[in-house]
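Before any comments, here is the structure.
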Amino acid sequence: MVFGQFSTSRPFRTSQVIVTPMSILMVKKILLDGSTCGKCTQAEEILRKRNLWNRIDTVVYAEEGNAESEGMKLAAEYEIDLAPFFIVKDEEGSDRLYTRVLELIKKELEVPSSGTLAFNIAAANIKYESFAPGKILADVQDTFGDELILAFSGAEDVVLIDLAAKNGKPFSVFCLDTGRLHNETYVYLDTVRDHFGINIDIFTPSPTLLEPFVKEKGFNSFYRDGHSKCCGIRKVEPLNRALKGRRAWATGLRRDQSPTTRSDLKHAEYDEGHLNDAGKPLIKINPLLDWTSPQVWDYIRKNNVPYNPLHDSGFQSIGCQPCTRPSRPGEHERAARWWWENDTEPECGLHLK
Ligand code: SF4
């Protein structure tokens with residue numbers, strides 16, 4: 001086996017594999033016993049761990065002993081006798097071959113660590129008025145690179161993931177596991193990971209805070225004392241850790257989710273509650289702020305995006321299991337959260353200014 005990188009300006013000549021501009025094709029090898037070669041599996045794992053698997057547009061297989069398989073034909077065409085290998089076609093029409101996944105990542109997939117690109121919030125908000133949500137995300141993906149992270153929990157957030165994936169640029173996702181989510185939500189998290197081929201960084205409550213709290217107050221003190229302390233420990237503190245080292249985060253917040261607490265959202269705004277490593281407020285990006293709930297669901301259905309099955313059981317806004325109930329007819333979507341508190345503006349503290 002020979003490992004190394006080959007560059008060539010030859011156009012693609014295969015007639016059976018369509019390679020679009022800026023696309024990446026991976027050739028994996030299938031051994032005679034039907035198993036996938038270990039190096040190919042390892043390469044896929046590396047890409048998945050770095051949230052780069054969604055950058056591979058096409059996978060074809062080189063079947064050992066079958067010279068007519070797609071991968072074998074490409075191997076012969078490019079005179080390569082090993083697997084995996086990657087063919088990158090760029091916008092200029094040239095193609096480059098890589099036989100080492102780390103080299104592919106370094107030369108083609110890694111976004112330079114940002115901090116160099118300036119972000120003018122006022123100018124961005126003017127610009128974003130005419131941008132569709134996917135274009136806003138693409139812009140901040142370019143601007144912040146790996147210092148941007150997407151928050152994931154609800155239906156709006158999975159739309160963001162789908163848009164970010166379709167932009168073909170790397171992105172990171174985090175989710176807060178309060179320890180009190182519905183089992184359906186945990187199953188759904190795995191579904192999303194598999195669907196998009198991404199990792200989701202999970203942040204859980206600090207035992208140092210949670211254990212004494214539960215010891216003193218019990219598991220369900222929110223029904224008696226209100227939700228703010230429990231949400232502070234199970235959500236807000238983990239969020240602070242999730243955002244550490246970032247310059248920006250993107251959320252699926254919509255203006256119409258709350259007439260008072262969310263009606264003045266901007267596409268880009270300072271998050272004074274979270275500071276970056278330079279001590280400056282993080283930038284919070286809200287690409288879907290103008291969308292309504294029906295628009296979100298229209299997108300989900302048209303694009304076959306996976307959604308939490310609890311939505312089919314009447315849940316609109318889904319949080320922790322003890323604090324979320326199905327919505328009643330005509331009820332505002334947020335009214336089914338902490339319903340016993342008679343709070344007209346139910347918020348968990350993640351997005352309070
Ligand atoms: S939603 Fe309920 S269970 Fe979840 S963190 Fe808040 S108070 Fe605790």
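Annotations
- When region 195-247 is filtered for residues that are part of a loop (DSSP other than H, G, I, E, B), within 12 Å of the ligand (Cβ to nearest atom) and in contact (Cβ under 8 Å) with a residue 60 or more places away in the chain, the ones remaining, listed by number, are 220, 226, 227.
- Region 67-82, residues that are in contact with a strand residue (DSSP E or B) (Cβ under 9 Å, 6 or more places away or on another chain) and within 11 Å of residue 29 (Cα to Cα): 69, 70, 71, 72, 75, 82
- Residue under evaluation residue 76, criteria (1) more than 28 Å from residue 304 (Cβ to Cβ); (2) touching a residue at least 12 places away in the same chain (Cβ under 8 Å); (3) in a helix (DSSP H, G or I), criterion not met: (2)
- Taken together, 55, 50 contain a single residue that is modelled with pLDDT under 80, buried (at least 17 other Cβ atoms within 10 Å of the Cβ) and at negative phi, which is 50.
- Residues in region 132-155 that are touching a Pro at 6+ places or on another chain (Cβ under 9 Å) and either free of Cβ contacts under 8 Å to residues at least 12 places away in the same chain or of a type in the set (S, T, N, Q) (or both): 132, 135, 141.
Okay, residues lined up against (1) modelled with pLDDT of 85 or more; (2) out of contact with any strand residue (DSSP E or B) (no Cβ under 8 Å at 6 or more places or on another chain):
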| position | (1), (2) |
| --- | --- |
| 297 | yes, yes |
| 314 | yes, yes |
| 333 | no, yes |
| 346 | no, no |
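One line per residue, one yes/no per condition, for (1) modelled with pLDDT of 85 or more; (2) buried (at least 16 other Cβ atoms within 10 Å of the Cβ); (3) in the same structural domain as residue 80 (by TED's automatic domain parsing); (4) part of a strand (DSSP E or B):
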{"site": "10", "(1), (2), (3), (4)": "no, no, yes, no"}
{"site": "15", "(1), (2), (3), (4)": "no, no, yes, no"}
{"site": "20", "(1), (2), (3), (4)": "no, no, yes, no"}
{"site": "24", "(1), (2), (3), (4)": "yes, yes, yes, yes"}
{"site": "28", "(1), (2), (3), (4)": "yes, yes, yes, yes"}
{"site": "41", "(1), (2), (3), (4)": "yes, no, yes, no"}
{"site": "44", "(1), (2), (3), (4)": "yes, yes, yes, no"}
{"site": "60", "(1), (2), (3), (4)": "yes, yes, yes, yes"}
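- Search result, residues across region 160-190 that are exposed (fewer than 15 other Cβ atoms within 10 Å of the Cβ), within 26 Å of residue 315 (Cα to Cα) and of a type outside the set (A, V, I, L, M, F, W, C): 179, 183, 186, 190
- When restricted to residues that are surrounded by fewer than 18 Cβ atoms within 10 Å (Cβ to Cβ) and either in contact with a Lys or Arg (Cβ under 6 Å, 6 or more places away or on another chain) or basic (Lys, Arg) (or both), region 256-297 contains 3.
The values are calculated or read from the model by the stated rules, or taken from the named source; none is laboratory data. The model shown is predicted, which means the values in this text are computed figures rather than measured ones. Neighbour counts are summed over all protein chains in view; Cβ atoms, including those assigned to glycine, are modelled from backbone coordinates with ideal geometry.
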